[in-house]
Amino acid sequence: MIGLISATAAGAAARDRLVAAWPDRVRVYEGPVGRSVELAFAECDQLVCFLATGAVVRLVAPLLTGKSADPGVVCVDEGLRHAVSLLGGHGGGANELAAQVADALGCAPVVTTATDAAGVPGLDTLGWPVEGAIASVTRAVLDGEPVALRADAVWPLPPLPGNVGAVGDAVLRVTDRVLEPGVREAVVRPPSLVVGVGASKGAPLDEVLGLIEETLREAGLSALSVRALATVDAKADEPGIVGAARRLGVPLVTYAPGRLASISVPNPSDAPLAAVGTPSVAEAAALAEGGELLVPKRKSRPLPGTGVRAAMATCAVVRRAPRGRLAVVGLGPGARDLLAPRATQELRRASVLVGLDQYVAQIRDLLRPGTRIVESGLGAEEERARRAVSEARAGHAVALIGSGDAGVYAMASPALTEASDDIDVVGVPGVTAALAAAAVLGAPLGHDHVSISLSDLHTPWEVIERRVRAAAEADIVVTFYNPRSRGRDWQLSKALSILAEHRDPDTPTGVVRNASRPDESSRVTTLAGLDPATVDMMTVVTVGNTATREVAGRMVTPRGYRWQS
Ligand code: SAH
């Protein structure tokens with residue numbers, strides 16, 4: 001929830017614009033501003049104050065508790081010129097919020113966090129807990145001082161600049177082990193540990209949590225690296241286990257007893273077999289997704305003074321191998337403002353970028369310093385797909401890019417055919433050429449439509465022709481990708497002639513070359529009037545259905561509303 005605080009009429013008017021824009025995200029605080037800020041600070045994740053920064057600094061100063069707990073605070077000036085990220089730039093999300101407020105109110109975001117300004121990721125933006133000398137190590141990373149990276153394994157970290165390497169006085173450590181950090185050492189806690197937990201009915205929270213914490217402590221493992229608690233389905237609502245997961249701030253995952261029974265464990269026993277149908281809960285649940293058993297089953301100590309003598313909880317700890325991350329990112333048709341913000345984020349999140357050289361050139365300026373670029377030329381598709389997957393399997397954060405949408409006649413399918421289930425995959429959709437062209441032409445895709453690639457390099461012509469014929473018979477709007485190249489000059493004419501068997505010669509037909517690029521060109525012509533010689537590989541051709549009309553020079557396929565007939 002975002003708390004909104006204002007003092008003046010101009011502030012209130014701006015505040016009301018945010019209320020209208022984000023009705024479900026905001027709460028308005030009225031009355032004396034001091035009291036409002038105090039309440040909002042306690043109740044909200046973020047604050048937007050239509051007040052001077054000085055006033056807000058004085059008001060929030062006595063309320064501050066620390067980077068991880070304080071809400072993000074954004075200040076907007078009376079003249080609505082600036083949205084200033086004042087407090088909690090990363091952890092509190094104020095940098096992001098300042099950008100959103102700036103968008104909503106038409107002012108400029110002001111972000112002063114050093115790491116954002118330099119394009120280097122802040123240690124606290126990794127999404128993982130960080131301890132130790134965070135400020136000092138961040139400074140060293142930013143200042144270009146040598147920083148030693150000591151990671152227990154290859155984790156999918158974002159790119160780090162060249163001064164982060166094998167040696168340095170400042171140390172960036174990535175480990176789940178407890179250690180005494182040096183004065184110039186920051187420790188990133190990767191989500192590597194899974195704690196399997198079993199408990200009898202009514203096991204007290206303190207006994208369960210106490211067992212987990214003591215077990216981790218004795219094994220020299222950090223609770224900040226615990227990614228999940230795991231147990232059997234029957235214990236999904238057991239208060240002590242649910243409460244322990246909540247206190248540790250991690251999800252609770254549960255498994256069916258049959259699944260757990262199939263996992264071989266060092267310490268099976270009869271008691272859980274009788275109670276919940278598996279000879280092991282803690283060890284089997286911890287091991288269910290694989291990994292290495294670091295701490296075999298341990299039992300809790302009964303809490304003193306409860307009169308209960310028997311242990312009521314068990315736990316076991318497993319370390320999972322890091323999973324690499326493959327982001328398949330569509331860059332859109334060309335124009336920078338048709339590249340999705342999420343795509344930009346993923347490009348900056350990846351430490352390895354794989355793509356065709358001309359696409360890499362399109363977004364090179366967005367990459368963070370230290371990104372390893374693996375580019376290749378046309379025709380090296382197989383190599384690109386394999387390389388992207390093998391880098392991810394080695395544990396890295398990889399972005400595989402493609403123009404338009406990376407899944408449309410592009411790299412997503414060959415890459416995911418190679419991929420195994422030991423990596424995480426995320427897709428970011430892009431505006432595909434058919435849509436970019438449609439927006440230029442008018443509304444040609446207002447009813448059912450299909451895309452057909454005329455490239456017979458990987459698809460036999462008979463298959464292509466059968467699909468063109470089916471689209472023709474079904475009266476579907478067709479967009480041709482890869483319509484014509486120097487070596488493939490007859491396919492487009494053939495495809496158009498098949499459509500002409502079922503559509504009038506004057507069916508509107510749109511041709512768009514380099515949609516959204518600086519040299520974009522387009523025309524609306526007819527099925528009979530299109531000269532294939534004017535079409536090349538930078539072009540898509542969209543042929544209307546029997547209802548498509550040209551209206552005021554634009555191509556329109558009716559939606560079929562009765563009021564328009
Ligand atoms: N993944 C891409 C398509 C790759 S196939 C996408 O989703 O758009 C390559 C074909 O796409 C080209 O031959 C051309 O027909 C079409 N194409 C790609 N970008 C284009 C653009 N900006 N304008 C017109 N056609 C384009």
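For residue 297, give me every one of the lysines with a C-alpha distance below 25 angstrom, ignoring sequence neighbours fewer than eight places off in its own chain.
Cα-Cα hits under 25 Å: 201, 235.
Taking the Cβ of residue 152 as the centre, find all other residues whose Cβ is under 10 Å away and add up their charges (Lys, Arg: +1; Asp, Glu: -1).
Taking every Cβ under 10 Å from that of residue 152, the sum is +3.
If you average the C-alpha positions of the stretch 177-207 and of the stretch 531-565 separately, how far apart do those two centres end up, in angstrom?
Value for the Cα centre distance between the two parts: 61 Å.
For helix 239-248, report the angle its Cα long axis makes with the longest principal axis of the Cα atoms of the chain; keep it between 0 and 90° and round to the nearest 10°.
That helix lies at roughly 70 degrees to the long axis.
Taking the Cβ-Cβ separation of residue 488 and residue 526 as r and a Förster radius of 22 Å, what is the calculated FRET efficiency to the nearest 0.05?
Calculated transfer efficiency: 0.40.
Order these by the 10 Å Cβ neighbour count, fewest first: 490, 22, 128.
490, 22, 128
Quick check: the distance between the Cα centres of the stretch 52-102 and the stretch 355-386, to the nearest angstrom?
Going from one Cα centre to the other spans 38 Å.
Roughly how big is the stretch 434-556's charge dipole about its Cα centre, with Cβ charges of +1 (Lys, Arg) and -1 (Asp, Glu), in debye to the nearest 20?
The dipole magnitude comes to about 220 debye.
For the pair residue 256/residue 292, report the inter-label distance in nm, with labels modelled 7 Å from Cα in the Cβ direction.
Roughly 3.2 nm, to one decimal.
Run through the stretch 181-230 and list the trypsin sites (Lys or Arg not before Pro) located in a DSSP loop whose Cβ has at most 11 other Cβ atoms within 10 Å.
For trypsin sites (Lys or Arg not before Pro) across the stretch 181-230 that sit outside H, G, I, E and B with at most 11 neighbouring Cβ atoms in 10 Å, the list reads 201.
Do any GluC sites (Glu not before Pro) in the stretch 1-77 lie in a loop, going by DSSP, with at most 12 other beta-carbon atoms within 10 Å of their beta carbon, and if so which?
Listed in order of number, the matching sites are 30.
At 222 nm, what helix-only mean residue ellipticity would the chain give, in deg cm²/dmol to the nearest 500, using -39500 (n - 2.57) for each DSSP H run of four or more?
Result for the chain: -8500 deg cm²/dmol, rounded to the nearest 500.
Can you give the net charge of the other residues whose Cβ lies under 15 Å from the Cβ of residue 313, counting K and R as +1 and D and E as -1?
+2
What is the local net charge at residue 454, summed over the other residues whose Cβ is closer than 15 Å to its Cβ (Lys, Arg +1; Asp, Glu -1)?
Net local charge, residue 454 excluded: +2.
Would you mind checking the tilt of helix 134-143 against the longest principal axis of the Cα atoms of the chain, expressed as 0 to 90 degrees and rounded to 10?
On a 0 to 90 degree scale, this one is about 40.
Dipole of the chain, Cα-centred, from +1 at each Lys and Arg C-beta and -1 at each Asp and Glu C-beta, to the nearest 20 debye?
460 debye
What residues from the stretch 318-338 fall in the zone where the backbone N is under 16 Å from a label point 7 Å along the Cα-to-C-beta line of residue 519?
334-335
Fewest first, what order do 143, 24 take by the number of other Cβ atoms within 10 Å?
24, 143
Looking only at the stretch 123-188, where both bridge partners belong to it, what percent of the DSSP beta bridges are antiparallel (to the nearest 5)?
Just about 20 percent of them are antiparallel.
Pairing the Cα long axis of helix 9-21 with the longest principal axis of the chain, what angle in degrees results, from 0 to 90 and rounded to the nearest 10?
70 degrees
Taking a ≥ b ≥ c as the square roots of the Cα gyration tensor eigenvalues, with a/c under 1.5 meaning rounded and otherwise prolate when a/b beats b/c, else oblate, which class fits the stretch 260-304?
oblate
Order by neighbour count: 449, 458, fewest other Cβ atoms within 10 Å first, most last.
458, 449
Rounded to whole Å, give me the distance from the Cα center of the stretch 247-300 to that of the stretch 113-170.
So the two Cα centres are separated by 37 Å.
Which of rounded, prolate, oblate describes the stretch 458-565, given a ≥ b ≥ c as roots of the alpha-carbon gyration tensor eigenvalues and a/c under 1.5 marking rounded, otherwise prolate only if a/b is larger than b/c?
Note, shape of the stretch 458-565 comes out oblate.
For an R0 of 25 angstrom, estimate the FRET efficiency from the Cβ-Cβ distance between residue 150 and residue 386 and round to the nearest 0.05.
Computed FRET efficiency for residue 150 and residue 386: 0.25.
Run down the aspartates and glutamates and flag those whose C-alpha is under 19 Å from the C-alpha of residue 67, throwing out any fewer than 8 positions away in its chain.
Qualifying aspartates and glutamates at Cα under 19 Å: 38, 43, 45, 96, 116, 124, 131, 185.
What shape does the stretch 2-112 have by the C-alpha gyration tensor, where a ≥ b ≥ c are the square roots of the eigenvalues, rounded means a/c under 1.5, and otherwise prolate means a/b greater than b/c and oblate the rest?
Because its axes are fairly even, with a/c under 1.5, the stretch 2-112 counts as rounded.
What distance in nm lies between label points placed 7 Å from Cα along the C-beta direction at residue 177 and residue 413?
According to this spin-label approximation, the distance is 4.7 nm.
Between the DSSP loop rule and a limit of at most 13 other Cβ atoms within 10 Å, which chymotrypsin sites (Phe, Trp or Tyr not before Pro) in the stretch 22-93 are left?
none
Quick note: the coordinates plus some simple rules give every number you see, no bench work behind them. The model shown is predicted, which means the values in this text are computed figures rather than measured ones. Note: ideal-geometry Cβ built from the backbone for every residue, glycine included; neighbour counts use all protein chains shown.
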